[in-house]
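S.K.: Handing you this structure, nothing more for now.
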C-alpha cells in the first residue's frame, strides 16, 4: 500500500474519461487532451485544476454571460486537505469552483512509477447530473 509520500509532487493530466453508469458509454470528460494538474504537498494539502482542451476563444476581454457559463462548465478547480487509506485518497474539499463537489471526494488510485491513475468511485457529474465513473491518468512532472 502506498503512503502519503508516494503521491507528493506535481502531476500533469494525460487523460480523463467518464463512463455513464446507466449506459456504460465512455467519453472524454474534458476533450481528448485536457490541460490540468494535481499537486500533493507534504503539509497534507492538495490542489487540482483542469480545463478542457476544447475551450473557445473569448470574443472580447470581458466574457459575456453565456461565455462565463461555458468557461465554468469546461473546468474543474479545488483545494483540499487529503488523507490516504489503503489505495484510496480522500480529498477533504474546502475551496472549490463548484460547491456541489465535496465535502469529501473518495478517490481509489493506483501508482505505477510516474503514472498515477485515479478511478473507480462512482460520482455525480456536476454538469449533466448523471452518475458516472471517472478515470483520470496523470504523469509526474515534479517531486518535492
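S.K.: With 19 Å as the cut-off, how large is the P(r) tail for the chain, expressed as percent of Cα-Cα pairs?
M.R.: So the pairs more than 19 Å apart make up 53 percent of the total in the chain.
S.K.: Let me ask something else. Given a Förster distance of 25 Å, report the FRET efficiency between residue 72 and residue 106 from their Cβ-Cβ distance, rounded to the nearest 0.05.
M.R.: FRET efficiency, residue 72 to residue 106: 0.55.
S.K.: Still on this structure: Give the shape of the stretch 23-74 as rounded, prolate or oblate, defined through the alpha-carbon gyration tensor: a ≥ b ≥ c are the square roots of its eigenvalues, a/c under 1.5 means rounded, and otherwise the shape is prolate if a/b is larger than b/c and oblate if not.
M.R.: Oblate.
Each value in this text was obtained by applying a stated rule to the coordinates, not by laboratory testing. Quantities reported herein were computed from a predicted structural model and do not represent experimental measurements. Neighbour counts are summed over all protein chains in view; Cβ atoms, including those assigned to glycine, are modelled from backbone coordinates with ideal geometry.
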